[in-house]
Number of protein chains: 2
Amino acid sequence: MKFDDKVPIYYQIKNYLYHEMMTGTLGPGDKLPAVRQLAVDLTVNVNTVQRALGEMITEGTIESQRGKGNFVTMDTNRITQLKEQLVIEQLERVYNELHALNLTDEQILTSLQTYIERRGQQHD
Amino acid sequence: MKFDDKVPIYYQIKNYLYHEMMTGTLGPGDKLPAVRQLAVDLTVNVNTVQRALGEMITEGTIESQRGKGNFVTMDTNRITQLKEQLVIEQLERVYNELHALNLTDEQILTSLQTYIERRGQQHD
DNA sequence: TATAGTGTAATGGTAAAATATAACACTAGG
DNA sequence: CCTAGTGTTATATTTTACCATTACACTATA
């Protein structure tokens, strides 16, 4: 996994796991890879993984069972709620950034539209 | 100025100055505030300001004249080019993030649209 | 020439993130 | 009971960002 050195790795690990949960790769009740395995996969230290997991446990998005493993919460509401929150955060951020670059609401929308259109022609 | 502790301050200073340039507060050829003044304004250390400016000087967006001050480049092409780049970066980022959250192109667009609409009702 | 305003750079210190390493605690299965 | 797999915690070390402070280099001007 490639990391952006502008933001803490443990933070990016959280996002990585969020994505796994959102795309269904990790469903409710699913067991996460062992912390040591995650550390190897992400080429990162166990403590760093643990820090990310610790925050997610506190949040309630995953639940830890000592000796067994870490599991995605069975509370599907919490997951959909989390997704909503993550989407809003992204929208908020891009809106503020582009607004700060002096784009109008209209321009922000159309710029994203044309970006997606062009992207559709070139990629995937 | 409020800083997000998840990303380096010198990086946020760059963005701050970019915004000043984009909104025309700092036009081509304009003199930037003195580094010590910037440091005071942003409640930040001179070295931190200098680090941000250093990168912008390397990029060519501002030009330094020892003993005189720092100046926005006269090359207006570079500025518009920079704006394009910053916008694209933001679009790319939000697209990738929302795509990773399993939203379709359609959903990404409409979610931003409704976000802006709701925002228009509530804020400013 | 002296001085004030400017950019530039070096030193040393603090804090946070990440690392390597080791140890401890619990569970399941032979 | 023992062992392998798991989560948890602790210590020490390195790196990076940031800060405080000081000094140096250049420009303009009185």
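Okay, here's what the table says:
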{"quantity": "Criterion violated by A:VAL44 - all others in (1) within 25 Å of B:TYR11 (Cα to Cα); (2) more than 12 Å from every other protein chain (Cβ to nearest Cβ); (3) open to solvent by less than 80 Å² (accessible area, probe 1.4 Å); (4) in a helix (DSSP H, G or I) satisfied", "calculated": "(4)"}
{"quantity": "Total residues in the range B:1-36, condition more than 14 Å from chain A (Cβ to nearest Cβ) and either surrounded by 12 or more Cβ atoms within 10 Å (Cβ to Cβ) or more than 10 Å from DNA strand C (Cβ to nearest atom) (or both)", "calculated": "8"}
{"quantity": "Qualifying residue in the range A:21-40 (condition: in a loop (DSSP other than H, G, I, E, B), closer than 26 Å to B:TYR95 by Cα, of a type in the set (Val, Ile, Thr) and out of contact with any Asp or Glu (no Cβ under 8 Å at 6 or more places or on another chain))", "calculated": "yes"}
{"quantity": "A:GLN113 vs. criteria open to solvent by 60 Å² or more (accessible area, probe 1.4 Å), farther than 15 Å from B:TYR115 by Cβ and within 14 Å of chain B (Cβ to nearest Cβ)", "calculated": "no"}
{"quantity": "So A:LEU91, is it surrounded by 12 or more Cβ atoms within 10 Å (Cβ to Cβ), at pLDDT 95 or above, of a type outside the set (Val, Ile, Thr) and touching a Phe, Trp or Tyr at 6+ places or on another chain (Cβ under 6 Å)", "calculated": "yes"}
{"quantity": "For B:LYS6: the one exception among (1) of a type in the set (Lys, Arg); (2) free of Cβ contacts under 8 Å to residues at least 24 places away in the same chain; (3) farther than 30 Å from B:THR110 by Cα", "calculated": "(3)"}
{"quantity": "Unmet requirement for A:ASP75, which otherwise passes all of (1) without any contact (Cβ under 8 Å) to a residue 12 or more places away in the chain; (2) over 28 Å from B:ASN15 (Cβ atoms); (3) of a type in the set (D, E, K, R)", "calculated": "(1)"}
{"quantity": "A:ILE62 vs. criteria in contact with a strand residue (DSSP E or B) (Cβ under 8 Å, 6 or more places away or on another chain), more than 13 Å from DNA strand D (Cβ to nearest atom) and either hydrophobic (A, V, I, L, M, F, W, C) or open to solvent by less than 20 Å² (accessible area, probe 1.4 Å) (or both)", "calculated": "no"}
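Residue-by-condition table, conditions (1) more than 20 Å from A:GLN107 (Cα to Cα); (2) assigned by TED's automatic domain parsing to the domain that holds B:GLY60:
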| position | (1), (2) |
| --- | --- |
| B:ASN70 | yes, yes |
| B:GLU84 | no, no |
| B:ILE88 | no, no |
| B:ARG93 | no, no |
| B:LEU98 | no, no |
| B:LEU103 | yes, no |
| B:ILE108 | no, no |
| B:TYR115 | no, no |
| B:ARG118 | no, no |
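The values are calculated or read from the model by the stated rules, or taken from the named source; none is laboratory data. Since the structure is predicted, the reported quantities are computational estimates derived from the model, not experimental observations. All Cβ positions, glycine included, derive from the backbone under ideal geometry; neighbour counts span all protein chains shown. Only protein heavy atoms, including side chains, enter the accessible area calculation; ligands, DNA and RNA are left aside. Shrake-Rupley method; radii C 1.70, N 1.55, O 1.52, S 1.80 Å.
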